[in-house]
Amino acid sequence: MSRPNSARARPRHAAGMTLLELLIAMALLAVVLALTYGSFFQLSDAAAGLKAELAEQQELRLLLKLIADDLQAAQYLEGYAANGDRRSGIVARTHFVGRGEFTEINFHVAAPARFHRQRPPEADPGLHEAGYAVREDLAANTLTLVRREDYYLDPDLETGGVTVVLTRDVETFSIGFLGPAEASNPTQDRWEREWDSQTRPKDARMPRAVRISLGVMGKDGKPLRATLEVNLQSVLKVGQ
């Protein structure tokens with residue numbers, strides 16, 4: 001009889017990973033997971049930042065619309081202004097606040113009161129004083145945009161009433177006023193930085209349009225700015 005083959009009788013070792021190979025695989029897996037999670041969190045942070053910026057831009061646009069709505073309801077009361085030294089219409093000037101130059105505007109507005117609650121809505125006369133200005137908040141070391149509202153009309157168009165802070169960290173606030181077209185060049189727009197209805201010709205007390213620019217510093221330290229232009233073609237009103 002032939003002898004059994006000793007090589008065939010020897011058991012084979014199952015194929016597998018050594019401890020070193022296992023450690024290398026685990027290290028590579030850890031690197032891949034770290035890169036994956038890092039990219040995920042970066043994308044999440046970027047998305048959150050974009051969402052916050054879009055929300056701030058939306059707030060800025062809503063604030064511009066509030067100002068535009070007020071100005072589109074601005075009125076020049078001829079009968080009221082003709083009685084003594086009372087003023088009406090729009091009074092706007094540029095003022096230095098902090099290190100910047102900003103528009104301060106006051107006017108009569110034919111709209112319900114926004115902030116006064118001392119009388120029921122049905123008793124609201126629908127005609128008030130309103131104004132916008134930039135003020136310095138020394139305690140917080142910032143500039144704020146405020147809205148002033150006086151429930152009753154009085155000879156002083158520029159003071160009185162309730163003042164409410166609308167936004168902080170203001171960088172720019174300016175309003176341009178489109179004056180009457182020039183006879184020599186009626187297609188050329190002539191924008192002005194200041195306006196006083198009382199000093200204007202009787203047939204041009206109010207501007208034809210306004211251009212409102214507002215800029216604030218975002219929460220992430222990036223500046224946000226928006227501009228809105230609206231027509232004021234039907235605001236002239238004869239009142240008492």
Return the total of residues in region 66-87 being in contact with a Lys or Arg (Cβ under 6 Å, 6 or more places away or on another chain) and surrounded by fewer than 14 Cβ atoms within 10 Å (Cβ to Cβ).
0
Residues that are more than 27 Å from Arg87 (Cα to Cα) and touching a residue at least 40 places away in the same chain (Cβ under 8 Å): find the strands (runs of 3 or more DSSP E) completely inside region 118-219 holding 2 or more of those.
162-168, 170-178, 209-217
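I need a count of the residues in region 181-197 that are surrounded by 16 or more Cβ atoms within 10 Å (Cβ to Cβ) and modelled with pLDDT under 95.
Residues of region 181-197 that are surrounded by 16 or more Cβ atoms within 10 Å (Cβ to Cβ), as a first pass: 195, 197.
From what is left, the residues that are modelled with pLDDT under 95 are 197.
So the answer is 1.
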Selected residue (criterion: nearest to Leu224 (Cα to Cα)) from residues of region 147-180 that are of a type in the set (A, V, I, L, M) and surrounded by 17 or more Cβ atoms within 10 Å (Cβ to Cβ):
Val170
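The values are calculated or read from the model by the stated rules, or taken from the named source; none is laboratory data. What you see is a predicted model; the values in this text were computed from it and never measured. Glycine gets a Cβ as well: all are built from the backbone with ideal geometry, and neighbour counts include every protein chain shown.
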